[in-house]
Amino acid sequence: MALSSTPPDLKKFVVDEGHGVKGVSELNLKILPELFIQPVERRLDMSKVLQDELIQVIDISDSEDPQVIKSVCDAAEKLGFFQIVNHGVPLSIIESVKEATHKFFGLSSKEKKKYLSQNTPSKTIRYLTSFSPEVDKAYEWKDQLSCFYVSDEETLKFWPSVCKHEALEYLKTCDSVIKKLIKILITGLGIPNLNDTYESLFMGSKRINLNYYPVCSNPELSIGVGGHSDASTLTVLLQDQIGGLYVRKQDSDCWIHVPPVKESLTINIGDAFQIMSNGRYKSVEHIVVANAHENRISVPIFVNPRPSDVIGPLPEVMNSGEKALYKQVLYSDYVKHFLRKSTDGKGTIDFAMI
């Protein structure tokens, strides 16, 4: 039976007891609890949304077509976000992982609680609310299951049974499109081939998140995810048909909506690629709004260097004699810096700047 009032210890209810924001949403409170009310400067000002600007949709069925290569590289330089269609990931696999995401978040709090950081059977998998509940002053309106891929064996042993097969199949099926995109993007940097060394550097580790944004009573006071850029090489995002993702237009305080496009995947450049391309490709701040009408899900795959890799501007990029904008940094140090604070726009990249 749903409660009619806010639990006395809301943080405990949300985080320690595993109810998450889904549990708060299901209380049907008329007023959003203070824990989730964001400062005005962290909310999205909808008057700053550019209604006439669109995110480019690119058909990548022929990834060797010079026009396709140019479109992808231009989008990576100018906005850092684009959507792809005819990518080769079957619709059945896309629908299966979306359904599995709903199934996981449909579990009881007792079941989801098994994957909280203090209970999880493996350090590679964690269920949590907000971005970093240990440090967030106001919680973001999102629950997530974050899964770092180590091996098929570990996945099948430790990931939740309601979603492990679907998440693994989706992750592995996306490998070919990820490799295709990285080949295109390095071509734009003057690197002719994706050799084993660079394949490992660009896509040596992967993380898949299942994200859940439940209905919010006062969405204008909250945010689904605060403004941030990703720490990844690139991110492959599967979103449902509800929408709510916005991208900051470069060098402005305006935002562009990333509308759901049927059977598409949304791609964005991460900080690691911005660093390795010496700023040619742009990782861009993005934000997710809460909504009052429908529960929203998304499934991002974060394609990363390995934690032990040192990243910095690539030699091929520096051949022309341009000045390095970024220093060499251990990738695990960069990610630790990213995770130890609340979302803060493009603030993480400063860690690597010279």
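The values are calculated or read from the model by the stated rules, or taken from the named source; none is laboratory data. Owing to the predicted nature of the structure, the values given are computational and were not obtained by experimental measurement. Every residue, glycine as well, gets a Cβ built from its backbone with ideal geometry; the counts of neighbours run over all protein chains shown.
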* The listed residue being among the acidic types (Asp, Glu) and within 23 Å of the chain's Cα centre (by Cα), out of 64, 53 -> 53
* Inspect the stretch 114-125 for any residue being touching a Gly at 6+ places or on another chain (Cβ under 8 Å), more than 22 Å from residue 230 (Cα to Cα) and among the aliphatic types (A, V, I, L, M) and give the result as yes or no. => yes
* To do: May I ask you to list the residues in the stretch 299-328 that are more than 14 Å from residue 270 (Cβ to Cβ), of a type in the set (Val, Ile, Thr) and in contact with a Phe, Trp or Tyr (Cβ under 8 Å, 6 or more places away or on another chain)?
  => 299, 310
* Asked: Which strands (runs of 3 or more DSSP E) does the stretch 242-354 wholly contain that include 1 or more residues that are farther than 19 Å from residue 206 by Cβ and free of Cβ contacts under 8 Å to residues at least 60 places away in the same chain?
  -> 245-248
* Asked: Residue check, residue 134 against (1) among the acidic types (Asp, Glu); (2) surrounded by fewer than 20 Cβ atoms within 10 Å (Cβ to Cβ); (3) assigned to a helix (DSSP H, G or I), all met but one. Which one?
  -> (3)
* To do: Identify the residue in the stretch 61-116 that is of a type in the set (Lys, Arg) and closer than 29 Å to residue 285 by Cα and, among all such residues, is surrounded by the fewest Cβ atoms within 10 Å (Cβ to Cβ).
  => 70
* Asked: Within the stretch 25-33, can one find any residue that is aliphatic (A, V, I, L, M), modelled with pLDDT under 95, under 30 Å from residue 107 (Cβ atoms) and in a helix (DSSP H, G or I)?
  -> no
* Sole residue being buried (at least 20 other Cβ atoms within 10 Å of the Cβ), in contact (Cβ under 8 Å) with a residue 60 or more places away in the chain and in a loop (DSSP other than H, G, I, E, B), chosen from 166, 140 -> 140
* To do: Sort through 92, 61 and tell me the only one that's more than 30 Å from residue 159 (Cβ to Cβ) and without any contact (Cβ under 8 Å) to a residue 60 or more places away in the chain.
  => 61
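Residue-wise test of (1) closer than 19 Å to residue 283 by Cα; (2) β-branched (Val, Ile, Thr); (3) at pLDDT 95 or above.
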{"position": "158", "(1), (2), (3)": "no, no, yes"}
{"position": "164", "(1), (2), (3)": "no, no, yes"}
{"position": "181", "(1), (2), (3)": "yes, no, yes"}
{"position": "194", "(1), (2), (3)": "no, no, no"}
{"position": "199", "(1), (2), (3)": "no, no, no"}
{"position": "206", "(1), (2), (3)": "yes, no, yes"}
{"position": "218", "(1), (2), (3)": "no, no, no"}
{"position": "235", "(1), (2), (3)": "yes, yes, yes"}
{"position": "243", "(1), (2), (3)": "no, no, no"}
* Asked: Which condition does residue 7 not pass, out of (1) touching a helix residue (DSSP H, G or I) at 6+ places or on another chain (Cβ under 7 Å); (2) in a helix (DSSP H, G or I), if it passes all the others?
  -> (2)
